[in-house]
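Everything on this sheet refers to the single structure shown next.
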Amino acid sequence: MDATLTLELGMTAALAAVLGSMLGLGGGVFIVPAFTLFWGVDEKIAIGASAVAVVANSVVGSRVHLAHRFTNLRLSVVLQVATAFGAFFGALMAVNAPTRLLNGLFGLVLLFAAASMLLKRSIKIEDGSHLPDPHRLRATYYDPAIASQVSYVPQRLNFGLAVSSAAGVISGMLGVGGGVIQVPTMNLMMRVPVKAAAGTSAFMVGITAVATAFVFYSHEKINPEIVIPTLFGVFVGSRVGSRLTRRVRAERLTAMFVLILIYLGLRLLLKSLDLQIAMPW
Amino acid sequence: MSNEHTEAALTVQERRENILLPIITQVIQVLRWGFRATAALMLVGVAIIIATSEQIATAVDPLEEIPGEIAAFNGSGFVDLGILVLLLTPVFAVATVAIGFHRIGDRRYALYASIVLMVLGLSIAAALLR
């Protein structure tokens, strides 16, 4: 592989990480479509590289969430049982699945991500110190934004487990973290405050991606030529993205990012149907 | 619910959070050292590749070939090991959680963490048996 393509992949990964970091989606959502659509990287190689990048992002990012006590360890472990199984079987399906199916599924996930961003809302969780806690999942953390302790008890655990299985299968098949599904589910359905949901998800996605990555490794789909620029790009991009998040009001950029997601989603869907429509780029 | 009950609940919660603190601290350490080891191995590998104009492999080598690659001072061996250390870091983190829950007598969550480890073990076994 020539140096120019290495540089292009690294810059694409960095840009994907900036976008992913600013939107809380993780870079994988952008890495796989960008690599396959613009640089002609094989879908399964791109998914393998993305899974490794998701692990790297999780290893770095979840340290911060753990230190701030945003990560609910018990909740992450119980949901991870379902997610890890889902990811393992999803990855086994993906390495044997036709590329068209993966493109179509990825296109649908991108459109789902666009829709969830358009309708983005988080709910305020009421104080959970008085709620029953049969699974001992209650957690407390200090939220500097409101300068007080937040206590909550995750609800509807069975529903969360079902969604986690599905998120695991999708993560395993597409090499994305699954946070785009997990965070809104935890927040809207399980009544977990959004910071705790993001912190718990950040820890979980790394474990999920490991289950995926080793299956791709066993099928020789982890290509160091692609992984090296991806990792360096993601490390740089996620740092830039987290700094930009503090400076730029993400809401203003939401419309643009939704358009990017819709564009990539439609391109992948069309590719899965073998349809070519003239696109501006 | 009276304030007394609420305070009692919070006291129990605070006690539970303090019990988890050593586990959280150990997991953070595992993640920190995993990242440092990965970064060091990758940087050494890339430096060797650039210095020797070595051709990068298109797939990570099987595990048994990596020690030989490193002994031969091939950059690809260091990169491969870096990728493997990165992928094993969350596995060690889950093992730390399982041991931590076991130590504090929380058998239920120790079991859940062990099941997660088992699934990851299946995935790793698939990779080793390739």
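The values are calculated or read from the model by the stated rules, or taken from the named source; none is laboratory data. Small disclaimer: the values here were computed from a predicted structure and weren't measured. A quick note on method: Cβ atoms are made from the backbone with ideal geometry, for glycine too, and the neighbour counts reach across all protein chains shown. Ligands, DNA and RNA are excluded from the accessible area calculation, which covers all protein heavy atoms including side chains. Shrake-Rupley method; radii C 1.70, N 1.55, O 1.52, S 1.80 Å.
Restricted to the range A:214-230, and to residues there that are more than 7 Å from chain B (Cβ to nearest Cβ) and part of a helix (DSSP H, G or I), the residue that is surrounded by the most Cβ atoms within 10 Å (Cβ to Cβ) is A:Thr230. Taking into account only those residues within the range A:153-211 that are hydrophobic (A, V, I, L, M, F, W, C) and assigned to a loop (DSSP other than H, G, I, E, B), which is nearest to A:Ile125 (Cα to Cα)? Of everything passing the filter in the range A:153-211, A:Val192 is nearest to A:Ile125 (Cα to Cα). Report yes if some residue within the range B:26-36 is among the charged types (D, E, K, R), more than 7 Å from chain A (Cβ to nearest Cβ) and open to solvent by less than 70 Å² (accessible area, probe 1.4 Å); otherwise report no. No; the residues of the range B:26-36 include none that is among the charged types (D, E, K, R), more than 7 Å from chain A (Cβ to nearest Cβ) and open to solvent by less than 70 Å² (accessible area, probe 1.4 Å). Scanning the range B:61-81 for residues that are surrounded by fewer than 18 Cβ atoms within 10 Å (Cβ to Cβ) and either among the hydroxyl-bearing types (Ser, Thr, Tyr) or within 17 Å of B:Leu128 (Cα to Cα) (or both) yields a total of 6.
Quick one: count up the residues across the range A:95-117 that are under 15 Å from A:Gly48 (Cα atoms) and exposed (fewer than 15 other Cβ atoms within 10 Å of the Cβ). Lay out the reasoning, then the answer.
Taking the range A:95-117 and keeping what is under 15 Å from A:Gly48 (Cα atoms), we get A:95-97, A:99, A:102-103, A:106.
Filter once more, so that each one left must be exposed (fewer than 15 other Cβ atoms within 10 Å of the Cβ): A:96, A:99.
So the answer is 2.
For A:Asn96, indicate whether it is free of Cβ contacts under 8 Å to residues at least 12 places away in the same chain and away from every other protein chain (no Cβ under 12 Å). Criteria met by A:Asn96.
Counting the residues of the range A:137-152 that are under 18 Å from A:Leu66 (Cα atoms) and assigned to a loop (DSSP other than H, G, I, E, B) gives 4.
What are the residues in the range B:43-58 that are open to solvent by less than 40 Å² (accessible area, probe 1.4 Å) and either more than 18 Å from B:Phe73 (Cα to Cα) or more than 7 Å from chain A (Cβ to nearest Cβ) (or both), if any?
Our first condition is that a residue be open to solvent by less than 40 Å² (accessible area, probe 1.4 Å); within the range B:43-58, this holds for B:45-46, B:48-49, B:57.
B:Gly45, B:Ile48, B:Ile49, listed by residue number.
Is there a residue being aliphatic (A, V, I, L, M) and within 17 Å of A:Ala211 (Cα to Cα) anywhere in the range B:41-60?
First, pick out the residues of the range B:41-60 that are aliphatic (A, V, I, L, M): B:41-44, B:46-51, B:56-57, B:59-60.
From the residues that got through so far, the ones that are within 17 Å of A:Ala211 (Cα to Cα) too are B:60.
Checking the range B:41-60: at least one residue is aliphatic (A, V, I, L, M) and within 17 Å of A:Ala211 (Cα to Cα).
In the range A:99-112, the residues that are over 13 Å from A:Ile181 (Cα atoms) form Cβ pairs under 8 Å with partners that are open to solvent by 10 Å² or more (accessible area, probe 1.4 Å) and of a type in the set (Lys, Arg), at six or more places apart or across chains, as follows: A:Thr99/A:Lys44; A:Arg100/A:Lys271; A:Leu102/A:Lys44; A:Asn103/A:Lys271; A:Gly107/A:Arg267; A:Gly107/A:Lys271.
Among residues of the range B:22-33 that are closer than 15 Å to B:Ala98 by Cα, those with a beta-carbon under 7 Å from a residue that is loosely packed, with under 14 Cβ neighbours inside 10 Å at least six positions away or on a different chain give the pairs B:Ile28/A:Ala67. Pairs linking a residue in the range B:90-115 that is within 18 Å of B:Leu31 (Cα to Cα) to a residue that is open to solvent by 60 Å² or more (accessible area, probe 1.4 Å) and not hydrophobic (A, V, I, L, M, F, W, C), with Cβ atoms under 7 Å and 6 or more positions apart or on different chains, are B:Thr96/B:Gln26; B:Gly100/B:Pro22; B:Gly100/B:Gln26. Annotation note: of A:Ala197, A:Ala162, the sole residue that is among the small types (Gly, Ala, Ser), within 19 Å of the chain's Cα centre (by Cα) and buried (at least 24 other Cβ atoms within 10 Å of the Cβ) is A:Ala197. Of all the residues in the range B:18-34, those that are over 11 Å from B:Pro90 (Cα atoms) and aliphatic (A, V, I, L, M) number 5.
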